Amino acid sequence: MTSVFSKIIAGDLPGTFLWEDELCVVFMSINPVEKGHALLVPKLEIDHWLDAPEDLQTHLMKIARIIGKAQQKAFKPNRVGLVIAGFEVPHLHIHLIPAYTMESLNFTDIPQTASTQDLDEAAGQIKYYL
């Protein structure tokens, strides 16, 4: 079954993209826990990160570093959190979250879906530094 992320990658569902290359994409989370929360997703549908080929894992970490550095410059957080949970969507994805405290990485009380305007604004701030 095609994941919601594959539908976003294919353009069948909207997404606010920051990055795309031959192996992966990065787009803004529609349910951000902090402003600037992005999702790094391989194009290949893989459920669990342990099942991803090692070369793909290496590539994803390289891209996570690029995006994280841009988030750091854009939002000036204390840290950029990197979370691989995999419970929400059965398609490997890495959360890249500007984090000010540990509470910034709390997924239990996620606010409602962000507006397109908010996502575009945050994406523009990140893209400025890419």
With the condition kept exactly as written, say whether any residue in the stretch 73-92 is over 24 Å from Ala114 (Cα atoms), free of Cβ contacts under 8 Å to residues at least 24 places away in the same chain and either part of a helix (DSSP H, G or I) or not hydroxyl-bearing (Ser, Thr, Tyr) (or both). no
How many residues of the stretch 1-32 are assigned to a helix (DSSP H, G or I) and under 23 Å from Ser104 (Cβ atoms)? The answer is 1
Please verify whether Val41 is within 18 Å of Ile97 (Cα to Cα), crowded, with 20+ Cβ neighbours inside 10 Å and either at pLDDT below 95 or out of contact with any strand residue (DSSP E or B) (no Cβ under 8 Å at 6 or more places or on another chain) (or both), treating the condition exactly as stated. no
Which condition breaks for Asp118 when tested against (1) free of Cβ contacts under 8 Å to residues at least 12 places away in the same chain; (2) charged (D, E, K, R); (3) surrounded by 12 or more Cβ atoms within 10 Å (Cβ to Cβ)? (1)
Scan (1) over 22 Å from Ser6 (Cα atoms); (2) at pLDDT 95 or above; (3) assigned to a helix (DSSP H, G or I); (4) of a type in the set (D, E, K, R) for the single condition Lys35 breaks and write down its number. (3)
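Kindly indicate which of Ile94, Ile63, Ile67 is under 15 Å from Ser3 (Cβ atoms), buried (at least 20 other Cβ atoms within 10 Å of the Cβ) and among the β-branched types (Val, Ile, Thr).
Of Ile94, Ile63, Ile67, the one residue that is under 15 Å from Ser3 (Cβ atoms), buried (at least 20 other Cβ atoms within 10 Å of the Cβ) and among the β-branched types (Val, Ile, Thr) is Ile94.
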Which pairs turn up if I take residues in the stretch 14-37 that are farther than 14 Å from Leu96 by Cα and look for partners that are acidic (Asp, Glu) with beta carbon separation below 8 Å, at least 6 apart in sequence or on another chain? Thr16/Asp120
Restricting the stretch 9-38 to residues that are among the hydrophobic types (A, V, I, L, M, F, W, C) and out of contact with any helix residue (DSSP H, G or I) (no Cβ under 9 Å at 6 or more places or on another chain), the residue that is surrounded by the fewest Cβ atoms within 10 Å (Cβ to Cβ): Ala10
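The values are calculated or read from the model by the stated rules, or taken from the named source; none is laboratory data. Only a predicted model underlies this, so the values are computations on that prediction, with no experimental measurement involved. Glycine gets a Cβ as well: all are built from the backbone with ideal geometry, and neighbour counts include every protein chain shown.
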